[in-house]
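Read through the structure below, which is laid out as structure tokens, and then see the notes.
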Amino acid sequence: MHFTLRNDIRRVLILVPLCLIFVLSSCEGLFKSEPESTPLARVGDEYLYREDIESLLNSQLNEQDSTSLVTNYINNWAVKQLLFSKAQINLTEEQIASFERLVANYRIDLFTRAYKEALVLRGEDTTVTDGQLRQFYEQEKENFVLKEKILQLRFVELPKQFLNKDEVIKRLNNFNDEDQVFLDSIGVQFTKLNFNDSLWIPLTRIIQEIPPLTYENEERYLKKSQFFELEDSLGVYLGKISDIREINEIAPLSYIKPTLRQVLLNRRKLDFLRRLETE
């Protein structure tokens with residue numbers, strides 16, 4: 001059987017260059033003329049036609065690339081068809097019947113899943129109001145426990161040669177409207193900055209942004225309402241902590257809003273599918 005299969009494959013592959021003369025004589029013509037019914041390759045009762053490979057080619061491919069692409073495609077198609085033919089001959093009837101059932105079930109599942117997704121997209125309400133998020137948060141917040149410390153802070157990284165560090169420290173500490181305007185006006189001189197101290201940031205990210213901070217020393221510098229100054233060979237890091245949430249505390253609503261929205265949408269989708277299956 002192995003020897004016969006190899007010879008069968010060889011015979012098909014010999015025919016490939018002859019097919020390509022027909023297919024690739026004009027790539028431009030391939031796209032402008034109507035598909036013809038003459039087959040490019042045949043394995044048993046299975047045929048490969050020119051229209052089957054038209055999608056592989058485009059005007060940007062030169063003749064050599066097109067030839068290589070089509071040759072490989074026809075070779076792979078031929079080998080698969082030969083193997084499939086030999087499998088049908090050599091597998092037991094029980095095996096073939098089992099595979100046919102699997103294929104039939106997969107086909108049903110594939111079409112059913114696509115149909116359900118189309119219905120969901122057509123009928124799904126993707127609007128989630130702040131009130132709905134708040135209500136869901138209050139009902140489920142015990143399930144949203146922090147697995148990592150998060151912080152609200154404002155900070156800047158200054159170049160080592162920065163001359164007005166004391167003024168920046170004073171402004172960053174006070175941070176009234178006038179201070180914010182001043183810091184914004186000189187922000188181009190900072191290496192890094194974050195003035196949005198209403199945003200919750202994971203400790204991991206803060207340590208990435210402020211290299212002198214480590215998991216070993218973070219508790220010394222990152223305390224609520226504390227100002228810190230750190231330095232390394234690259235620059236000076238100034239920061240003011242606004243608030244902190246520790247591991248195992250309830251996550252703030254603003255921190256998990258995107259997650260809550262997705263959970264709500266997923267629940268709506270599941271409810272819609274359940275109704276669809278029972279109606």
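Quick notes
- Looking at the stretch 170-279, the trypsin sites (Lys or Arg not before Pro) that sit in a DSSP loop and have at most 14 other Cβ atoms within 10 Å of their own Cβ are 223, 224.
- Model label sites at residue 139 and residue 101, defined 7 Å from Cα along the beta-carbon direction, differ in position by 4.2 nm.
- Helices that extend 20 Å or more along their long axis by alpha-carbon positions and average at least 1.0 on the Kyte-Doolittle scale are, among the DSSP H runs of the chain, 2-24.
- Taking a ≥ b ≥ c as the square roots of the Cα gyration tensor eigenvalues, the chain comes out prolate, since a/c reaches at least 1.5 and a/b is larger than b/c.
- Restraint check, 116/257; 149/240; 149/170; 165/192; 192/257, Cα-Cα greater than 22 Å: 116/257; 149/170; 192/257
- Estimated inter-spin distance, residue 170 and residue 69, nm [label 7 Å along Cα→Cβ]: 6.8 nm
- When Rg and Dmax are taken over the Cα atoms of the stretch 80-174, they come to 31.0, 85 Å.
- Normalised per residue, the volume of the convex hull around the Cα set of the stretch 146-245 (Å³): 91 Å³
- Value at 222 nm in deg cm²/dmol, rounded to 500, when DSSP H runs of n ≥ 4 in the chain each add -39,500 (n - 2.57): -18500 deg cm²/dmol
The numbers here are math on the coordinates, done by the rules we state, and not lab data. Being a predicted model, the structure only gives us computed values, none of them experimental. So basically every Cβ, Gly included, is an ideal-geometry build from the backbone, and we count neighbours across all protein chains shown.
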